[in-house]
Amino acid sequence: MAFKIVASQCTACSACEFECPTGAIKFKNDAYIIDPKICTECEGHFDTQQCANVCPVPKTCVKV
Amino acid sequence: MGQPVTISLDSLIAPVDLDAMKRTAASGGCSSSSCGSSTRPEDMDAEVWERIKDHPCYSEEAHHYFARMHVAVAPACNIQCNYCNRKYDCANESRPGVASEKLTPDQARRKVIAVANEVPQLSVLGIAGPGDACYDWKKTQATFAAIAKDIPDVKLCISTNGLALPDHVDELADMNVDHVTITINMVDPEIGAKIYPWIYFRNRRWTGVEASQILHERQMQGLEMLIARGVLTKINSVMIPGVNDEHLIEVNRWVKARGAFLHNVMPLISDPAHGTHYGLTGQRGPSAMELKALQDRLEGGAKLMRHCRQCRADAVGLLGEDRGQEFTLDQLPESVDYDPAKRTAYREFVAVERGDHVAAKQAAAAAIQEAAAEGQSLLVAVATKGGGRVNEHFGHAKEFQIYEASSKGVVFVGHRKVEAYCLGGFGEDATLDAVIAALEGVRHVLCAKIGDCPKDMLEAAGIAASDAYAYEYAETAIGALYAETFASAPSQAVA
């Protein structure tokens, strides 16, 4: 149960990084990645996934 | 560097000659109207003038002398606008929100110092996208804190969509951010729904009228909070024909009532190649004359800004130029110390020069009064590389500054961007056609030099081009031109 970032779509704006309630998103090798071991799909925090909500590019933060 | 008056202006683009600037500054002295507050417009409070007189975006007069730079440090955004696509980006494009490289606060600090050491006109540091400076707050804050320590006299400035603004107004005021721009495209959420597909607020995505209602309330709240704290606030509005063009009259009324200092109505930039919703759906931007017509209707409301160049998010230099490519990350030194010498010398020079400029403006207004052609106005395009003078060759101009001469005097009313006609020894006819199209409504072009061929082609298109006023102040030249035009043919209707 986790989300991922489609690297080719990502603009590296960093919005997802500071909205993520579990700190699962990190900047590594010039790209943002979601650590699937930490990501909870925001369960227990919010009804919807924050990374997908704030991402400016459609279909970029998606379910693995 | 032949003519004395051009020394300083050539130095705008050439390496700065400090001694020459000092000589010019010293020779003017404080003899006439050249000193201190005498350059202040009559209808402006002295304290406000002191705060804006070196800010190229807040003072039309200052934009002839002072430069801004933007640093793209806050890339995260909390709303989606139909005129923006975050995926597209190009070094050759000149439009808001576009930047070639994002910077960390430390990289931004080094860049600002490098620019301050090289560009004597620098007076303002702004954070203006891509992204929102208030939403991506920590990076905005870290950048400003670092710069304020190194260059305390640089003015700090942000541009925001307003959604996160109320959360940070107190901190902005504490950090001496004296100039804030809010982009307000509507005060009616029904219209907002056609501009903003969604916003991200309080941990969820909002759409439709509901999204615009929240955005509108936050924008008004933020504006009122800024005004209450004495922060000078500018409102940017994007004019979108058929969506909010008429509505901007209402927007102007709202922001004036709340104490906005300046209202800047900008044309929508729309092109399918930009990949924006508007670009892809064929929403057009307004023509230069449509924009001017709306701006003219707004006169008398909140004070209008007409000299905006809609610059990039990493722009460096005077408003009409962009030296950003000279200061890319790979050219920045690892460590750099601020040296105020060039900026200080330039300020001494400008103090004198702008006093002379005001005197020239007044003389031009008097000349026009004397010509007394009741109801007659004249739109004149000026090729300039800064300093408010006719000092650029026609073929080298990348923009023309447009002045309107009427019984009210000579007033800057806008600019027209063009491609430079001269390609090193020869000119391109297609480019000249585009220049002629861009000069819609204009009857006279003043420049430092023009060849016979383009001059004849302009003539055929009904535009008189002249280099007779080379290196004069624009107002002096236009005042003389106006007097000449209406004295020789008093009954002729022009522009």
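The numbers here are math on the coordinates, done by the rules we state, and not lab data. Small disclaimer: the values here were computed from a predicted structure and weren't measured. All Cβ positions, glycine included, derive from the backbone under ideal geometry; neighbour counts span all protein chains shown.
Summary value for chain B: 16 percent relative contact order, contacts being C-alpha pairs under 8 angstrom separated by 6+ residues. The fewest-to-most ranking of B:PHE426, B:PHE66 by surrounding Cβ atoms within 10 Å reads B:PHE426, B:PHE66.
Neighbour counting of Cβ atoms within 10 Å sorts the residues A:HIS45, B:HIS393, B:HIS179, fewest neighbours leading, into A:HIS45, B:HIS393, B:HIS179.
Evaluating kT/(6 pi eta Rh) at 10 °C and 1.306 mPa s, with the Kirkwood radius of the protein assembly as shown over Cα pairs in the Stokes-Einstein relation, gives 64 µm² s⁻¹.
Partner lysines whose Cα lies under 22 Å from the Cα of A:LYS26, excluding those fewer than 8 positions away in the same chain, are identified as A:LYS4, A:LYS37, A:LYS59, A:LYS63, B:LYS87, B:LYS102, B:LYS138, B:LYS139.
Find how many whole Å separate the alpha carbon centroid of segment B:203-243 from the alpha carbon centroid of segment B:162-177. Computed from Cα coordinates, the inter-centre distance equals 14 Å.
Which of the listed residues, B:GLY279, B:MET225, B:THR183, is farthest toward the dipole's positive end in segment B:66-331, when Lys, Arg count +1 and Asp, Glu count -1 at the beta-carbon? Toward the positive end, the furthest listed residue is B:MET225.
Note that segment B:265-282 has calculated 3J(HN,Hα) couplings of 8, 10, x, 4, 9, 9, 8, x, 5, 7, x, 7, 4, 5, x, 6, 9, x Hz, one per residue in order, obtained from phi through the Karplus relation 6.51 cos²θ - 1.76 cosθ + 1.60 (θ = phi - 60°); glycine and proline are x. Once C-alpha pairs closer than 8 Å and six or more residues apart are averaged by separation and normalised to the residue number of chain A, the relative contact order reads 47 percent. Across segment B:151-196, the relative contact order, built from alpha-carbon pairs under 8 Å that are at least six residues apart, equals 45 percent.
Dipole magnitude for chain B: computed about the Cα centre from +1 point charges on Lys and Arg Cβ and -1 point charges on Asp and Glu Cβ, it is near 1000 debye.
Counting only DSSP H runs of at least 4 residues, each contributing -39500 (n - 2.57), and dividing by the residue count of the protein assembly as shown, the helix-based mean residue ellipticity at 222 nm comes to -10000 deg cm²/dmol.
Both the radius of gyration and Dmax for segment A:3-63 are 10.3, 31 Å, in that order, over alpha-carbon atoms. Among B:ILE227, B:ILE478, B:ILE147, B:ILE240, the order by Cβ neighbours within 10 angstrom, fewest to most, reads B:ILE227, B:ILE147, B:ILE240, B:ILE478.
Converting phi to 3J(HN,Hα) with the Karplus coefficients 6.51, -1.76 and 1.60 and the offset θ = phi - 60°, segment B:464-481 yields 8, 9, 8, 10, 5, 10, 3, 6, 6, 5, 4, 5, 4, 4, 6, x, 5, 4 Hz in sequence order, with x at every glycine or proline. What you get for the protein assembly as shown, charging only the Cβ of Lys and Arg (+1) and of Asp and Glu (-1), is a dipole of about 1120 debye around the Cα centre. Overall, the anisotropy analysis places segment B:159-204 in the oblate class: the square-rooted eigenvalues a ≥ b ≥ c of its C-alpha gyration tensor yield a/c not less than 1.5, with a/b not exceeding b/c. Along the charge dipole of chain B, pointing to its positive end and built from +1/-1 on Cβ of Lys, Arg, Asp and Glu, which listed residue (B:ALA420, B:SER335, B:HIS63) has its Cα farthest out? Of the options given, the answer is B:SER335. For segment B:362-488, a Kirkwood radius taken over Cα pairs fed into Stokes-Einstein (10 °C, viscosity 1.306 mPa s) yields D = 110 µm²/s.
Of the GluC sites (Glu not before Pro) found in segment B:318-424, those that fall in a DSSP loop while having at most 15 other beta-carbon atoms within 10 Å are B:GLU334, B:GLU374, B:GLU419. Within segment B:101-178, none of the trypsin sites (Lys or Arg not before Pro) combine a DSSP coil assignment with at most 11 other C-beta atoms in a 10 angstrom radius. Can you list the aspartates and glutamates whose alpha carbon is less than 15 Å from that of B:LYS194, not counting same-chain residues fewer than 8 positions off? List returned: B:GLU210, B:ASP245, B:GLU246. Amide H to amide H, with H built 1.01 Å from N, B:PHE201 comes under 5 Å of B:TRP206, counting only residues 5 or more places away or on other chains. Within the shell defined by Cβ-Cβ distances under 15 Å, the residues around B:ALA257 carry a net charge of +2, with Lys and Arg each +1 and Asp and Glu each -1. Across all Cα atoms of chain B, the radius of gyration (one decimal) and Dmax (whole number) stand at 22.4, 68 Å.
What's the lysine pair count for segment B:362-488 at a Cα cut-off below 16 Å, pairs eight or more apart or interchain? Lysine pairs meeting the criterion: 5. Residues whose amide H comes within less than 5 Å of that of B:GLY414, counting only those at least five positions distant or on another chain, are B:ILE402 (H built at 1.01 Å from N in the peptide plane). Here's how it looks for B:ALA302: its modeled amide H is under 5 Å from those of B:LYS256, which are all 5 or more places away or on a different chain.
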